[in-house]
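For reference, the structure discussed in these notes is given below.
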Amino acid sequence: MNITRRTILSSAAAGLASAMLAPRMAWAATEITLGDMRITTLSDGYLTQPADFMFAPMPQDELAAFLAERGMEREAPLLPECNLTLVRHEDRVILFDAGSGPGFMDSVGDLTNALAAVGVDPGDVTHVVFTHGHADHLWGVLDDFDDLVFANARHMMGREEHAFWADPATVDTIGEDRVPMAVGALRRLDALGDAMEVFADGEEILPGIAARASFGHTPGHMSFELRAGNAGVMVVGDAILNDHVAFAHPDWHFGADGDRALAAQSRAGLLDQLAHEQMTMIGFHLPNGGIGRVERQGEGFVFVPA
Ligand SMILES: [Zn+2]
């Protein structure tokens, strides 16, 4: 597998540099190849989340010791990157997730700039494949004027995930703090209309790309296994949410997961397979483009960046 990495200090990164004590490089594009697939991760920016959004349900004493060992502060806001995966394969231009678009957070919504940096116009995208329906993955399908960004693309989402967000009753059941998420998702699914189709777990949704259920973060969250002969790359989306706790303690419950026990089960299953098969993985919120491998360490795992 060949790996090239390009850093492009985008306007957003320049803004970030002035907003934080230490400037941070933005990985606008990290590229690997798999057979005749060209796989590029593109930065949409980064999220800003209160620490409790992740850490609140975890065993606090053990967590404190774990974070202290890594020089991390328990209360510091989390700033996870958002890395979309672009696959150019034969005549297809496939985007995994659509980013946040305008109006979710100021620090995200860079996708169209990142696409331009690798020479792709949104109109060139033939397929947009969703891991799940959260804002940082779905909302980027609409632009400032509520027009479809990927106007020529087929949009594809797992059947269970689509059913959840397309159900008008979800707004009433999802919990007060997530109502804007449900309203925003429903509006986008309405706008997509016939441009959206659904698929099932295990289906080969496109040549060399199979859907793999990894439910829990959301009711129908999907990962995707890209194959070329014996080599594979797993696009895990938000089934593995960070490069520290999620690997070392996959059984701990994450505040950001909808069904925490089910998400922990999915996470452990993926990590086990990725470590066993030494398969390359791409995580949406993992650092420096999100590409790496998984190795066992003690009772848990460790992320090995590419
Ligand atoms: Zn996410």
Worksheet item: Using the membrane-span-like helix rule (whole DSSP H runs, Cα extent along the own axis of at least 15 Å, mean Kyte-Doolittle hydropathy at least -1.0), which helices of the chain qualify?
Response: 179-192, 260-277
Fill in: Whole-Å distance, taken between Cα centres, linking the stretch 233-306 and the stretch 136-166
25 Å
Worksheet item: What order do you get for 88-100, 141-153, 110-122 when each peptide is scored by the mean count of other beta carbon atoms within 10 Å, highest first?
Response: 88-100, 110-122, 141-153
Worksheet entry | Inter-label distance for Ala261 and Asn152, nm, one decimal - labels placed 7 Å from Cα along Cα-to-Cβ | 4.9 nm
Item to complete: Taking the Cβ of Leu241 as the centre, find all other residues whose Cβ is under 13 Å away and add up their charges (Lys, Arg: +1; Asp, Glu: -1).
Response: -3
Discussion item. So the label point goes 7 Å from the Cα of Arg187 along Cα→C-beta, right? Which residues of the stretch 130-150 then have their backbone N under 13 Å from it?
Written reply: 135, 139-147
Practice prompt. State the answer as a single residue: which of Leu271, Met281, Phe254 lies farthest towards the positive end of the charge dipole of the stretch 250-306, with beta carbon charges of +1 for Lys and Arg and -1 for Asp and Glu, about the Cα centre.
Written response: Met281
Worksheet item: So what is the 222 nm mean residue ellipticity for the chain from helices alone, if each DSSP H run of at least 4 adds -39500 (n - 2.57) and you divide by all residues, rounding to the nearest 500 deg cm²/dmol?
Response: -7500 deg cm²/dmol
Fill in: Protection proxy ranking, peptides 261-267, 283-289, average beta carbon neighbours within 10 Å, highest first
283-289, 261-267
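How would the stretch 151-276 be classified by its alpha-carbon gyration tensor: rounded, prolate or oblate, with rounded meaning a/c under 1.5 and the a/b versus b/c comparison settling the rest?
Oblate.
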Item to complete: Indicate the gyration tensor shape class of the chain (rounded, prolate or oblate), computed on the Cα atoms with a ≥ b ≥ c the square roots of the eigenvalues: a/c under 1.5 is rounded; otherwise a/b larger than b/c is prolate and the rest oblate.
Response: rounded
Worksheet item: How high is the relative contact order of the chain, given as a whole-number percent (alpha carbon pairs under 8 Å, six or more residues apart)?
Response: 15 percent
Worksheet item: Extension gain Asp106-Asp61, at 0.36 nm per residue separation less the Cα-Cα distance, in nm?
Response: 12.8 nm
Worksheet item: Among residues other than Phe301 whose Cβ falls under 11 Å from its Cβ, what is the net charge (Lys/Arg +1, Asp/Glu -1)?
Response: -1
Practice prompt. Treating only the Cβ atoms of Lys and Arg (+1) and Asp and Glu (-1) as charged, compute the dipole magnitude of the chain about its Cα centre; round to the nearest 20 debye.
Written response: 820 debye
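No lab work stands behind these numbers, since they all come straight from the coordinates. Everything quoted here is computed from the prediction, not taken from an experiment. Cβ atoms come from the backbone with ideal geometry, glycine included; neighbour counts cover every protein chain shown.
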